[in-house]
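Read the structure below first, then the notes.
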Amino acid sequence: MFFTASKIFWFVANPLSFLTILLAVAAILLVTRWRIWGRRLIVAIMIFLTAFIVLPMDQWVLYPLEQRFADFTQPPEHVDGIVILGGSQITQITAARGQPSLNDSAERMFALLSLIRRFPNAPIVFSGGSGNLLDRESKESDTVRLLLVEFGINPDRVLYEESSSNTYENAVFSKELANPKPGQVWLLVTSASHMPRSVGCFRAIGWEVVPLVVDFNTAGLSWRREVIGPTHQLEKFGAGIHAGIGLAAYYLTGKTSEFLPGPRA
């Protein structure tokens with residue numbers, strides 16, 4: 001129920017969808033006696049879009065999240081196990097084309113390839129079932145298997161957790177599969193903006209992991225935009241909004257015990 005509700009909510013709350021809905025509302029208002037409110041809504045949308053193009057608003061929402069664990073970019077010398085979260089696979093294209101297809105979070109898979117070689121004896125858990133509401137059959141693990149084969153790595157080198165559909169389930173099902181022992185050092189690999197929510201979920205089930213941050217989308221904070229690319233900016237802005245909403249939803253539903261988890265003191 002939580003998974004379905006979250007997908008439907010995000011379909012509406014996604015910035016592109018939300019702006020489209022507002023424009024539709026404005027268009028309807030223009031042909032009613034409240035046409036002045038329709039014009040005002042259109043003006044408000046145009047002001048927002050103009051500010052969005054000029055100002056680095058995508059950086060403003062992503063940077064605080066990415067900075068929470070920004071220092072954790074190198075693994076410790078000793079590692080007992082590794083958990084890598086899904087979310088970088090495009091399962092439908094992989095299934096249709098027979099080639100591993102990755103999205104903008106492909107750095108997670110680069111980390112997987114690197115860590116397999118760096119820690120040849122450490123168990124590695126890839127956690128990711130299907131996060132697609134309309135396609136529950138295509139699994140992210142299918143893409144990972146194909147990718148490992150292409151790099152000459154036995155796909156059986158990795159343990160696959162294929163039942164999860166969100167971050168909290170990543171934590172729960174990975175723990176069941178990995179069966180970590182007290183005192184062991186387990187790495188958690190995911191994108192920088194996703195790490196606070198991920199660490200919060202693992203802590204909530206009693207599993208202290210060492211974050212290994214990859215996939216940064218910001219170089220720093222600025223009041224001036226360096227590159228003009230509205231489509232890319234809107235996607236990254238949406239990713240930051242999605243991460244923030246996810247933190248709030250997980251905290252309110254008890255899936256994390258902290259609103260914005262950070263490094264242990």
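In whole percent, what relative contact order does the range 71-216 give with Cα contacts below 8 Å and a gap of six or more residues? Computed value for the range 71-216: 30 percent relative contact order. The three principal axes of the Cα atoms in the range 1-95 give end-to-end lengths of 69, 34, 26 Å, sorted in falling order. Close amide H contacts of residue 83 (hydrogens built in the peptide plane, cut-off under 5 Å, sequence separation of 5 or more or a different chain): 125, 187, 188, 189.
Largest first, the extents of the alpha carbon coordinates of the chain on the three principal axes equal 70, 45, 37 Å.
Put simply, the Cα atoms of the range 71-216 extend 43, 32, 28 Å along their principal axes, the longest span coming first. Looking at the range 54-183, the DSSP beta bridges with both ends there are about 10 percent antiparallel. Enumerate the residues in the range 192-211 having an amide nitrogen under 14 Å from the point lying 7 Å beyond the Cα of residue 114 toward its Cβ. Counting backbone N atoms under 14 Å from the label point, the list is 192. Per-residue Cβ neighbour counts within 10 Å put 115, 146 in the sequence 146, 115, beginning with the fewest.
The residues 259, 119, when put in order of fewest to most other Cβ atoms within 10 Å, stand as 259, 119. Remark: 156, 104, 215, 80 ranked as 156, 104, 80, 215, counting other beta-carbon atoms within 10 Å and listing the fewest first.
Coordinate-derived values only; no laboratory data. These numbers come from a predicted model, not from an experiment. Positions of Cβ are generated from backbone atoms using ideal geometry, with glycine treated the same way; all protein chains shown enter the neighbour counts.
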